[in-house]
Each structure stands twice: as C-alpha cells, then as structure tokens.
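As structure tokens, the structure follows; a few thoughts come after it.
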Amino acid sequence: MNNVHVVDINGYKAELPIIKLSDTVSIAFFNLHGDPFLTEHCGKELAKFADGVDVIITAESKGLQLAHVCARELNMPYYAVARKSQKLYMQDGIKISYGSSITTGKCQEFYLSKHDTDLLRGKNVGIVDDVISTGESLKGLEALVEKAGGKVVKKLFVLAEGAAADRKDVCYLAKIPLF
C-alpha cells in the first residue's frame with residue numbers, strides 16, 4: 001500500500017497520508033488544519049453549490065475553517081457550529097446523540113448554543129464538512145438542524161469516502177477510497 005493517496009479537488013492536488021484505523025481499514029487522512037491555501041480553495045468551491053442556503057452549519061473541529069470560508073464567500077454574517085462537548089455558555093442550548101463516526105468508533109453527541117439554535121430556526125440550512133464516509137455525523141447534524149427548527153437543503157463535503165460517493169443526497173468535490 002502507498003503511504004499517500006493523491007486526490008484532485010477541483011484543480012487542487014492534495015497528498016493525503018494513508019492512516020491505519022484497524023487491521024482491516026485504512027483511510028486517506030484529509031486535514032484542513034494548518035493549510036490555509038487548501039482551506040480557501042475548498043471553501044470557495046463548496047460555496048458555489050450553496051444556492052438556496054440561508055445559513056451554514058458545521059461540526060467542530062475540521063469543518064470550522066471550511067464553514068468560515070463558505071460563509072464569507074456567501075456574505076453570511078454568521079454560521080452555526082455543532083460542538084462535540086457542552087461548553088459553559090451552552091446551558092440553554094440543545095443536544096442530540098448520534099451514532100459513531102469512522103474515526104471515533106463510539107456514540108457521540110452534538111451540542112448547539114441558543115444563539116446558533118436561533119440562527120437556524122425557520123431557515124434553509126446548508127451542512128458543510130470536510131469528509132462524508134459512514135454518514136453518521138451527517139445524520140447527527142441533520143437531527144440537530146431539525147430539532148433547532150431549520151430545514152436542511154444542502155449537504156456539502158470536500159470529499160466522499162468509499163460508498164458515500166454513491167449517495168445522491170450529498171454534493172462533494174472529489175472521491176477517496178477506503179483502503
């Protein structure tokens with residue numbers, strides 16, 4: 001197996017290190033943290049697919065800078081962030097539990113502050129994140145948006161991993177395999 005997987009993300013070549021998750025599964029690890037040029041490229045490209053979206057939501061942490069770029073490109077003053085732990089300022093917000101992601105392997109929770117809950121209520125919402133694989137994090141974000149009173153109208157990802165590339169309900173910029 002190669003140590004890196006090269007992917008073309010709408011004209012931007014990225015070399016993704018191959019990381020072993022278990023004896024049977026390895027992934028091409030996509031990390032936007034610390035890479036402003038890749039983040040800018042991906043955020044601007046995803047924003048092109050956000051027609052009909054009033055507000056964006058993402059999950060911490062790798063989606064944060066991606067959502068920032070998308071919101072800026074779409075001239076949105078705010079975007080919502082689903083946190084993976086409840087912060088002290090979030091006592092009046094909402095939470096949901098959802099299944100495990102491919103990288104965590106355990107049940108998780110999303111928390112939304114009252115400010116972000118109010119931001120989503122009655123709005124057409126675009127979910128923005130780095131990678132879709134099993135779809136469990138997406139289910140969690142969809143449930144959170146619904147609980148907040150918003151309507152998911154777009155599901156935008158930089159990469160679709162494995163069978164997620166066959167989904168018809170998501171938009172992505174490039175495909176990557178599971179190894």
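The values are calculated or read from the model by the stated rules, or taken from the named source; none is laboratory data. Quantities reported herein were computed from a predicted structural model and do not represent experimental measurements. Counting neighbours? That spans all protein chains shown, and the Cβs are built from the backbone with ideal geometry, glycine included.
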Open item on the list: Gly140 - would you say it is under 12 Å from the mean Cα position of the chain (by Cα), surrounded by 15 or more Cβ atoms within 10 Å (Cβ to Cβ) and either in a helix (DSSP H, G or I) or charged (D, E, K, R) (or both)?
Closed with: yes
Open item on the list: Looking at the structure I just gave you, is Thr134 at pLDDT below 95, buried (at least 16 other Cβ atoms within 10 Å of the Cβ), not aromatic (Phe, Trp, Tyr) and not in a helix (DSSP H, G or I)?
Closed with: yes
Open item on the list: When you check Val131 against the structure, is it of a type outside the set (Asp, Glu) and farther than 19 Å from Leu173 by Cα, yes or no?
Closed with: no
TODO: With the checklist (1) touching a Cys at 6+ places or on another chain (Cβ under 7 Å); (2) hydroxyl-bearing (Ser, Thr, Tyr); (3) modelled with pLDDT of 95 or more in hand, flag the one item Tyr79 doesn't pass.
DONE: (1)
